[in-house]
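The values are calculated or read from the model by the stated rules, or taken from the named source; none is laboratory data. None of these values were measured; they are calculated from a predicted model. These area figures cover heavy atoms from the full protein model, side chains too; ligands, DNA and RNA do not enter into them. Shrake-Rupley method; radii C 1.70, N 1.55, O 1.52, S 1.80 Å.
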Amino acid sequence: LSRPWVGASWEGFVLEQALNTLNAAGQRFEAFYLRTSDRYEIDLVIERPAERWAIEVKLTTSPGLGDLARLAQSADLIHAHRRFLISQTPKIVEGKHAVSCNLPWFLEQLS
């Protein structure tokens, strides 16, 4: 887990699973990556007909409040309706503006 490519590999796996789930369900969507010149980043932006989702992916098993705060700042830039921090956490935490969750739970939300 200490190798630098492991986080990128996990992120790629999560993005692939999310996009495949949407495709398999026959849902209409567009997917984007966002990074601004002042270093705000969203790993996956999903545009659906009636809403916009901001998704951040972390390899950790215990995401922190700082991770959610950075997601909130980035998601505010694009006026995201829903915001998800996907990690390997066993605990789902639904806040006022964002959800910290694991991949299986998130994929259920896409279906």
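Laid out as a table, the results:
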item	result
Tensor-based shape of the stretch 55-111 (alpha-carbon gyration tensor, a/c under 1.5 rounded, otherwise prolate or oblate)	oblate
Ellipticity estimate at 222 nm from DSSP helix runs (n ≥ 4, -39,500 (n - 2.57)) divided over the chain, nearest 500	-12000 deg cm²/dmol
Relative contact order (%) - criterion: Cα under 8 Å, at least six apart; region: the chain	21
Beta bridge orientation in the stretch 1-96: antiparallel %, DSSP, nearest 5	65
Order of exposure, largest accessible area first, which applies to Ser111, Ser74, Ser37 with probe 1.4 Å	Ser37, Ser111, Ser74
HN-Hα J in Hz across the stretch 22-29 - Karplus 6.51, -1.76, 1.60, θ = phi - 60°, x for Gly and Pro	4, 4, 5, 7, x, 7, 7, 6
